[in-house]
Amino acid sequence: MVAPLIDIKDISFEYEQTKALHNISMKVEEGDFLAILGPNGSGKSTLLKIMLGLIKPSKGKIELFGVDAKNFKNREWIGYVSQKSNSFNSGFPATVEEVVAGGLAKKTGLFHRLPKSAHQQVAEALEAVGMQDFMGRSVSELSGGQQQRIFIARALVAKPKILILDEPTVGVDHQNVQAFYDMLASLNRDKNITLVLVTHDVDTVTDRITHVACLNQTIHFHGFKEQLHTMSDEQREAWYGHSVRKIHHIGGSHA
Amino acid sequence: MIEAILSYEFLQNAFAAGLIIGIIAPLLGVFIVVRRLSLIADALSHVTLAGIAGSLYLSQSVASLALLNPLFLGIAASVAGSVLIERLRSLYKHYEELAIPIILSAGIGFGAIFISLAQGFSNDLFGYLFGSVSAVSREDLLIVAGIAVVVLAFIYFFFKELFVLSFDDEYARASGLPAKWIHFMFMIITALVIAGSMRIVGILLVSSLMTIPVATAMRVTKSFKQTIILSIVFGEISVITGLVTAFYFDLAPGGTIVVTSIFLLLLVIIYKKIMVSLKKGAIA
Ligand SMILES: Nc1ncnc2c1ncn2[C@@H]1O[C@H](COP(=O)(O)OP(=O)(O)OP(=O)(O)O)[C@@H](O)[C@H]1O
Ligand SMILES: [Mg+2]
């Protein structure tokens, strides 16, 4: 059997004051389209940051592609779109092409210049997010939603094997959200890119995902979305407090 | 002017050093500005002053150090300051900017003590504060040239990493780039450029040559590469114009260089205003 792309083994993490994650174990297998769901402050972004090695768990271990995260070298296999990508300083003087080409930096390697094909690769990534006409535009002149799509293109340009996205559609308009998730689904289906997605757009993603993880400091459920209905009412309550009604039909509608 | 440059070695030194600084200060300045580190440049220049004053004091009191070029201790102080700033920034995670006034005051404090200890430094002081056309020695020029080689090599080899880091440092770390290490190198390089530029523009005005040409370029450029090229162009215009005026009217070159760069900034702002209103007129 192939090793899981991400294997989280019993990790915990706390910020200075706040306990964020407690004894989390979870595997992401090749080909999964996993949605991580949970209320605000439930530790979703923290979990992604741990997967990416941005923060170190206080306890437990992570393996990426079967290798201990500490020794994992092929970071370019992992694409990342952070929650507040628009926190970059907005007056930055750079074109869309320059920003997206930044996604090729790791793959190209230290001491090497970007390859000649970079322009073509950037064009393809921009096409995938419907921004091909914006290549020469200045990023600071784009709307928040357009910028978000640029960051998605940056994550795609190095052709990662797994894409980790933290609420990527914040600020993207409704119609484009649909198109965006269609694009993700096709990356998953046709290009076999594994996807880990944190989102609150539960209704929109339901049809497209394969797996669900319900997180609130601990994992309350993790498995095929069709099995979500096996979660008891108490478990749902523990996971989401009172606002569970909205989530109820996920497993149901496809079971 | 050309004749004067050909006949006086001190003018050759000043102009050659000026032309080099006109490239490296704005080039590094682009990264400093977009990373919002302009004030760090200021803090480091004051630390450099402390190092230079300390060196002058040492060369007076320790006979074997009498011939020591004060730039060396200036560079050492600046590099040490950059390391200290990083330490302080990680100590005060939520008040990173506190590191700047702390280091800046430390620089001025030590500077003031060494200046008052060192006899007769007040004559040179003016040159160190505001730059000098006549004080650049051959050795100074060689140091500046050496620094330039290091800076250009660093930016050439790490350009894409520096760009990604400047644009979005979390992304740089997440994508597995050696962000910490490159940032550390960047701070050291900044310290070198500041110490190197100081002879011509002076301690108090070094950071202006790193930021004003960039501020000017950013008004009119779209891409990062354009911003770099135009910043250097504006930097060179300021340095050349500034040095020539300083020489003919016997002024401090730091002053004339910076005033020229401010003048260019105003010109560009006005040019931009006119272009925008012309465009609006065309649409209306
Ligand atoms: N940098 C930080 N320093 C201290 N505490 C933090 C920090 N970031 C997050 N936390 C805390 O950790 C917990 C988990 O935060 P996290 O950002 O992972 O939540 P989330 O599930 O992504 O929430 P949201 O849906 O709002 O994005 C929260 O209680 C939060 O207050
Ligand atoms: Mg979050």
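The mean count of C-beta atoms from other chains within 10 Å of the C-beta of residues in B:154-161, rounded to a whole number, is 4.
Each peptide among A:224-237, B:253-266, A:93-106 gets the average number of other Cβ atoms lying within 10 Å of its residues, and from highest to lowest they stand as A:93-106, B:253-266, A:224-237. Legend: distances between Cα atoms for A:LYS9/A:LYS106; A:LYS9/A:LYS70; A:LYS19/A:LYS56; A:LYS27/A:LYS73; A:LYS61/A:LYS161; pairs beyond 23 Å are A:LYS9/A:LYS106. Partner aspartates and glutamates whose Cα lies under 20 Å from the Cα of B:LYS273, excluding those fewer than 8 positions away in the same chain, are identified as A:GLU141. When each of the peptides B:58-67, B:40-49, A:38-47, A:200-209 is scored by how many other beta carbons lie within 10 Å of its residues on average, the order from highest to lowest is B:40-49, A:38-47, A:200-209, B:58-67.
A probe of 1.4 angstrom, applied to the heavy atoms of all protein chains, finds B:TRP181 with accessible area near 130 square angstrom.
Heavy-atom accessible area for A:THR18, with the other protein chains in place and a 1.4 Å probe, reaches approximately 80 Å². Taking the chain by itself as reference, the range A:36-56 contains these residues with an accessible-area loss of 10 Å² or more in the full protein complex (1.4 Å probe, heavy atoms): A:LYS49, A:LEU52, A:LEU54. Each residue was assigned an accessible area with a 1.4 Å probe, and for B:GLU96 the value is about 80 Å². For the protein assembly as shown, the share of DSSP beta bridges that are antiparallel, to the nearest 5, is 55%. The contact residues of the range B:162-178, meaning those that lose at least 50 Å² of 1.4 Å-probe accessible area when all protein chains sit together rather than their chain alone, are B:PHE163, B:PHE167, B:GLU170, B:TYR171, B:ALA174.
Accessible area per residue for the protein assembly as shown is 45 Å², calculated with a 1.4 Å probe on protein heavy atoms, without ligands, DNA or RNA.
With the Cα gyration tensor of the range B:1-100 giving a ≥ b ≥ c as the square roots of its eigenvalues, does the rule (a/c under 1.5 for rounded; else a/b larger than b/c for prolate; else oblate) give rounded, prolate or oblate? Oblate shape, in that a/c is at least 1.5 and b/c is the bigger or equal ratio.
Residues in the range A:7-12 carry Karplus couplings, in order, of 10, 9, 10, 6, 9, 10 Hz; the curve used is 6.51 cos²θ - 1.76 cosθ + 1.60 with θ = phi - 60°, and Gly or Pro positions show x. Can you compute the modelled spin-label distance between A:GLU237 and B:TRP181, with each label point 7 Å from Cα toward Cβ, in nm? Between A:GLU237 and B:TRP181, the simple spin-label model gives 5.4 nm. When each full DSSP H helix of chain B is screened for a Cα extent of at least 18 Å along its own axis and an average Kyte-Doolittle hydropathy of at least -1.0, the helices passing are B:9-34, B:38-61, B:70-91, B:99-117, B:138-157, B:179-201, B:206-220, B:224-249, B:253-283. Helical runs (DSSP H, four residues minimum) scored at -39500 (n - 2.57) apiece and divided by the length of chain A put the mean residue ellipticity at 222 nm at -8500 deg cm²/dmol.
From the alpha carbon centroid of the range A:1-68 to that of the range A:172-212 is 20 Å. Which whole-angstrom value gives the distance between the alpha carbon centres of the range A:84-143 and the range B:199-233? A separation of 24 Å, based on Cα centres. The mean number of Cβ atoms from other chains found within 10 Å of a Cβ in peptide A:197-204 is 0, as a whole number.
Peptide A:154-164 is shielded by partner chain Cβ atoms: per residue, an average of 1 of them sit within 10 Å of its Cβ. Normalised by 2.2 N^0.38 Å, where N is the number of residues, the alpha-carbon radius of gyration of chain B equals 1.04. Mean sequence separation of contacting Cα pairs (under 8 Å, at least six apart), scaled by the length of chain A, corresponds to a relative contact order of 25 percent.
Using a cutoff of 8 angstrom between alpha carbon atoms and counting only pairs six or more residues apart, the relative contact order for the range A:2-148 works out to 21 percent. The B-A contact accounts for approximately 2700 Å² of buried accessible area, totalled over both chains at a 1.4 Å probe radius. As I understand it, the value is the acute angle between the Cα axis of helix A:174-190 and the longest principal axis of the Cα atoms of chain A; what does it come to in degrees, rounded to 10? Orientation of helix A:174-190: about 90 degrees from the principal axis. Residue order by solvent-accessible surface for B:LYS273, B:LYS160, A:LYS61 is B:LYS273, A:LYS61, B:LYS160, largest first, with ligands and nucleic acids left out and a 1.4 Å probe. Remark: the Cα gyration tensor places the protein assembly as shown in the prolate category, a/c being 1.5 or greater and a/b exceeding b/c.
The values are calculated or read from the model by the stated rules, or taken from the named source; none is laboratory data. Just so it is clear, the model here is predicted, and its values are computed rather than measured. Methodologically, a virtual Cβ is constructed for each residue, glycine included, from the backbone with ideal geometry; neighbour enumeration extends over all protein chains shown. To get the accessible areas, we keep the full protein, side chains included, count just its heavy atoms, and leave off ligands, DNA and RNA. Shrake-Rupley method; radii C 1.70, N 1.55, O 1.52, S 1.80 Å.
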